[in-house]
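In what follows, a single structure is set out as structure tokens and then discussed.
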Amino acid sequence: MKPHIHTERVAIFDLDGTLVDSVDGITNAVNRSLQANGITPLQRDEAIPLLGDGLAAFGRRAYALRGASPSTHDIDDFLQDYLNHPPGGAALYPDVRVTLDHLARSGWRLAVCTNKIEAAALALLDNLNVLDRFDVVCGGDTVERQKPDPGHIHGTLQRAGLTGLPAVMIGDNLVDLAAASAHGIPAIFASWGYGRLPPDREAPFLATRFSELPQLLDAAMAHISPQRLSI
């Protein structure tokens with residue numbers, strides 16, 4: 001008997017730093033909060049290392065970088081400010097739209113698993129006219145534990161009815177690699193994004209341009225055991 005071959009596969013994308021260069025809008029929102037409290041605003045290069053664990057964590061880190069502690073009200077105001085200003089100068093990385101369309105034609109189902117607040121993620125993708133490419137967008141505020149917890153990946157797949165299909169995670173942050181590893185699926189590191197790999201850490205699959213993903217996703221699929229699907 002021939003083994004069953006899945007014609008559908010799932011490419012799970014991080015959002016900020018993977019699909020979208022969005023740091024300027026996020027930084028502008030937190031800077032309005034900082035300045036309202038008489039605190040020096042952040043520069044882009046200061047803000048980038050603070051990303052990866054969601055907007056609330058970013059806000060707290062921004063204050064901490066200036067030696068301050070935000071109140072709950074400060075963080076809530078920052079989050080609301082950001083939600084009120086989509087997309088805040090955000091832009092898709094080169095070749096994102098054409099590559100997503102190519103993947104869809106090749107049988108890939110597309111999902112977003114982001115630690116960003118889901119409402120902000122949906123607004124951002126909609127504003128950039130790519131929301132309709134994805135089966136699901138799962139924000140960090142809609143799951144019990146966000147990345148690097150593997151439950152965030154499972155929740156993303158489950159919500160779209162994609163559990164049981166082979167899956168690959170694509171992201172620019174160590175939390176993406178950790179979540180994929182814990183879930184038992186391959187990951188592709190997006191080196192064009194905000195995150196950086198430590199000198200002692202290598203990614204099994206490293207992409208330098210978004211347009212490389214179709215080839216790398218096929219290579220990653222070869223590392224998925226037939227017994228290990230996206231449960």
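Would you call Leu122 among the hydrophobic types (A, V, I, L, M, F, W, C), in contact (Cβ under 8 Å) with a residue 60 or more places away in the chain and surrounded by 16 or more Cβ atoms within 10 Å (Cβ to Cβ)?
Details: among the hydrophobic types (A, V, I, L, M, F, W, C): yes; in contact (Cβ under 8 Å) with a residue 60 or more places away in the chain: no; surrounded by 16 or more Cβ atoms within 10 Å (Cβ to Cβ): yes.
No: the conditions fail for Leu122.
What pairs come up if the first residue lies in segment 138-152 and is within 17 Å of Ala56 (Cα to Cα), the second is of a type in the set (S, T, N, Q) and outside any loop (DSSP other than H, G, I, E, B), and their beta carbons are under 7 Å apart, counting only those six or more places apart or on different chains?
Cys138/Thr156; Gly139/Thr114; Gly140/Thr114
Go through (1) among the hydrophobic types (A, V, I, L, M, F, W, C); (2) under 19 Å from Leu197 (Cα atoms); (3) loosely packed, with under 14 Cβ neighbours inside 10 Å for Phe13 and report which single condition fails.
(3)
Laboratory data are not the source of any read-out in this text; all were calculated from the coordinates shown. Quick caveat: nothing in here was measured; it's all calculated off a predicted structure. So basically every Cβ, Gly included, is an ideal-geometry build from the backbone, and we count neighbours across all protein chains shown.
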